[in-house]
Amino acid sequence: MTQSKDSVDLSRRSAALALAAGGAALLSGCTGTAGAEPAKPAGTATPSGAPSAAPAGIAPAFAGKHEVKPLPFNPSALTGLSEKLVTSHHDNNYAGAIKNLNKIEGEIAAVPKDAPPFLLGGLKQSELVFRNSACLHELYFGNLGGDGKPSGAAEKAISDAYGTFGKWEEQLRATGLSLGGGSGWVVLAWDLYRDVPYTFWSGNHSQVEVNATPLLVMDMYEHAYQMDYGAAAARYVDAFFVNLRWDEVNRRLERARKAAAALRA
Ligand SMILES: [Fe+2]
């Protein structure tokens, strides 16, 4: 079956708009950012009681209305990651990023037209940090709660790209350990232009591959493991792999491949 030129153009525009509006996070299912969620009728009350309607002149995606998503699994059911650690991580670090993102968006909206450029520049820098932190945390929690057994298209794509699945796992673990005692993220992403998986590290929530969408995210900030493992980051990485949810990784891959096909059309 062939696609009409109009439908191809529409697909390309949709993919480009998705990337422009919320980055690759939209494709990978990061929905804590309000703009990625289905639109609600104006004035509809949110779970927190705040109205969803944005202030006049401000797009809902930037109106300081981001909400904390609940953990997508029972925090007492993980293997090797305690309920206390996981709950603290979610309620303090992730929720803190959402709270700060909302504050920053409010401050950006209030910057006067005649303000010196550096004022907005500083706020935009913080906005990117909190926006990415919120999204990366949602992706991180979203790929936990599984049985850790690789499966499906993701396992095959990784094996094909890296020679063997074990070689990729070795690289991801080593990248994570390079951040042990420091801070950062390790991300397995789908390169939307080359159509291959790619592993990278990210510091300060803001160093990301711009042509890719995350498939699997590992938090290497100390708050992700210090409570359970102290400085033994390698034991945390072991626990991370044991709890990985590969069906979610496969779901993200399916969406990424569709987006990549639309961009190449
Ligand atoms: Fe974290």
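The values are calculated or read from the model by the stated rules, or taken from the named source; none is laboratory data. Model, not experiment: these values are computed from the prediction. Neighbour counts run over all protein chains shown; Cβ positions are idealised from the backbone, glycine included. For accessibility, only protein heavy atoms count, side chains too; no ligands or nucleic acids. Shrake-Rupley method; radii C 1.70, N 1.55, O 1.52, S 1.80 Å.
Accessible area per residue (1.4 Å probe, heavy atoms of protein chains only) ranks MET227, MET218 as MET227, MET218, with the largest value leading.
What FRET efficiency comes out for the pair ALA109/ASN204, r = Cβ-Cβ distance, R0 = 30 Å, nearest 0.05?
Working: r = 24 Å, r/R0 = 0.80.
E(calc), rounded to 0.05, equals 0.80.
Each of GLU170 and ASN92 was given a label point 7 Å from its Cα along the Cα-to-Cβ line. The distance between the two points is 3.7 nm.
Each label was represented as a point 7 Å from its Cα along the Cα-to-Cβ direction; for GLU254 and LYS156 these points are 1.4 nm apart. For ASP195, the accessible area of its heavy atoms, probed at 1.4 Å with every protein chain present, is near 50 square angstrom.
Ratio of Rg to Rh for the range 64-111: 1.16 [Cα atoms; Kirkwood radius as inverse mean 1/r over pairs].
Measuring with a 1.4 angstrom probe and ignoring ligands and nucleic acids, PHE62 comes out at about 90 Å² accessible. Restricting the range 184-265 to trypsin sites (Lys or Arg not before Pro) that sit in a DSSP loop and have at most 14 other Cβ atoms within 10 Å of their own Cβ leaves ARG194.
Taking label points 7 Å from Cα along the Cα-to-Cβ direction, ALA261 and ALA77 give a separation of 3.2 nm.
When the listed pairs LYS65/LYS113; LYS84/LYS149; LYS84/LYS167; LYS69/LYS113; LYS149/LYS258 are checked against a 27 Å cut-off, the alpha-carbon distance exceeds it for LYS84/LYS167; LYS69/LYS113.
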